[in-house]
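The values are calculated or read from the model by the stated rules, or taken from the named source; none is laboratory data. Computed from a predicted model, the values in this text were never measured in an experiment. FYI the Cβ positions are ideal-geometry reconstructions off the backbone, even for glycines, and counts take in every protein chain you see.
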Amino acid sequence: RHDIPAEIQTWADSGIIDLRVPIAGDENKLEAILKDYNAWANLHQGSTLDFFKAWGGKIPFFDENFASQIRADIKKKSSAGQSLKEPEDIFSARLFLHIAQSFDLQNNGLNQDLRLSEAMEQNLIKNLKGEDEDLNLKAAAKERFPISDTGFYMVAERLKAWTKLMQHDREPPGLFITTSRSVLDELMDKAPEIEMVIDFDSIPMHAGRDETVEKWQDGLLASLNTLLTSAWPVPTDGMFEAPVVSGGDANVAIKLYIVAGETPYDFFVRCVGDNSPQAGLETERLRFKNTLIGIVEL
């Protein structure tokens with residue numbers, strides 16, 4: 001049993017993303033600590049909305065008092081005759097990311113509500129001025145707005161915790177995609193030598209099947225595999241071209257960068273400074289000569 005947000009589970013069920021869970025176990029213990037934490041936070045901080053307003057732009061989960069409380073809970077849960085099945089730092093990384101995920105979901109919900117309220121207010125003003133004869137508040141209420149960059153909060157800590165879990169994936173990928181500009185900036189700051197290999201300003205996304213897009217996707221995957229497994233530099237002239245299609249349900253921008261001469265393990269260890277042993281490390285070094293990182297933005 002894993003605490004997966006409904007929207008992400010929907011993407012997984014439709015084949016858009018592939019969920020990977022390199023570390024499992026102690027779910028009941030993790031759930032119990034999170035439940036205690038949420039109860040403690042609600043008791044001391046009041047309502048969720050007041051809680052976030054009071055903290056402003058800072059992530060509200062990880063000051064010294066919160067960290068001490070979490071550590072005390074971990075010790076309390078594990079001292080009752082139940083030893084942890086994994087090192088405490090791994091368990092702490094899972095706990096950290098669970099709480100960060102909870103914050104992201106709540107924060108995004110607040111942002112969606114605020115932006116929806118602003119949009120409906122603008123529609124109402126236009127209607128009152130006679131600028132918009134077709135006032136449809138129900139349609140406005142169904143509108144979804146771009147998700148804010150949740151990675152902005154404690155990005156270095158998030159990357160370090162995520163890397164601890166990624167190191168236990170026995171078949172890690174060579175391509176890593178984020179939707180957070182802050183995460184990409186953090187990685188580029190740690191590795192300024194990386195080079196851009198793809199810059200697509202607008203790629204149409206179709207809910208249904210589109211043979212042209214599917215053919216382009218197959219060619220793109222083959223080209224990416226060449227970049228991952230070949231010594232850099234690799235001739236890329238004509239290798240990456242946007243699909244010649246129009247329309248689409250939405251458009252996304254895609255940027256990909258190559259980290260030449262480093263496997264994913266070596267790259268992320270350098271970025272976060274954690275050289276814990278990785279499962280399947282030798283296999284990874286045989287599979288990949290380079291690492292690809294990228295960002296997808298609406």
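Inside the range 169-228, can you point out the residues that are assigned to a strand (DSSP E or B) and among the aromatic types (F, W, Y)?
The first filter runs over the range 169-228 and keeps only residues assigned to a strand (DSSP E or B), leaving 175-178, 195-205.
Selection gives F176, F200.
Residue by residue through the range 229-265, note down the ones that are in contact with a strand residue (DSSP E or B) (Cβ under 8 Å, 6 or more places away or on another chain) and not in a loop (DSSP other than H, G, I, E, B).
Taking the range 229-265 and keeping what is in contact with a strand residue (DSSP E or B) (Cβ under 8 Å, 6 or more places away or on another chain), we get 232, 236, 240, 242-243, 245-260, 262-264.
Selection gives A250, N251, V252, A253, I254, K255, L256, Y257, I258, V259, P264.
Suppose we filter I23, I16 for residues that are hydrophobic (A, V, I, L, M, F, W, C), under 21 Å from the mean Cα position of the chain (by Cα), in a loop (DSSP other than H, G, I, E, B) and modelled with pLDDT under 75; which single one remains?
Just a single option satisfies the conditions, and that option is I16.
Filtering the range 244-270 down to residues that are out of contact with any Phe, Trp or Tyr (no Cβ under 6 Å at 6 or more places or on another chain) and among the polar types (S, T, N, Q), which residue is modelled with the highest pLDDT? Quick ask: steps written out before the conclusion?
Start the filter on the range 244-270 by keeping residues that are out of contact with any Phe, Trp or Tyr (no Cβ under 6 Å at 6 or more places or on another chain), which leaves 244-253, 255-258, 261-262, 264-270.
If we keep only those that are among the polar types (S, T, N, Q) too, we end up with 246, 251.
Numbers: S246: 66, N251: 81.
Going through the qualifying residues, I end up with N251.
Residues being touching a helix residue (DSSP H, G or I) at 6+ places or on another chain (Cβ under 8 Å) and within 19 Å of D26 (Cα to Cα): count how many of those fall in the range 95-114.
7
Of T178, T212, which residue is touching a Pro at 6+ places or on another chain (Cβ under 9 Å), of a type in the set (S, T, N, Q), within 24 Å of N251 (Cβ to Cβ) and assigned by TED's automatic domain parsing to the domain that holds V252? Step through it out loud before you land on a result.
Working: T178 fails: touching a Pro at 6+ places or on another chain (Cβ under 9 Å).
Exactly one of T178, T212 is touching a Pro at 6+ places or on another chain (Cβ under 9 Å), of a type in the set (S, T, N, Q), within 24 Å of N251 (Cβ to Cβ) and assigned by TED's automatic domain parsing to the domain that holds V252, namely T212.
Would you call S83 modelled with pLDDT under 80 and among the small types (G, A, S)? If you could, list the steps in order and put the result at the bottom.
Details: modelled with pLDDT under 80: yes; among the small types (G, A, S): yes.
Yes, satisfied.
Right, N127: farther than 18 Å from L187 by Cβ and at pLDDT below 75 or not? Show your work before the answer.
Details: farther than 18 Å from L187 by Cβ: yes; at pLDDT below 75: yes.
For N127, the condition - farther than 18 Å from L187 by Cβ and at pLDDT below 75 - is met.
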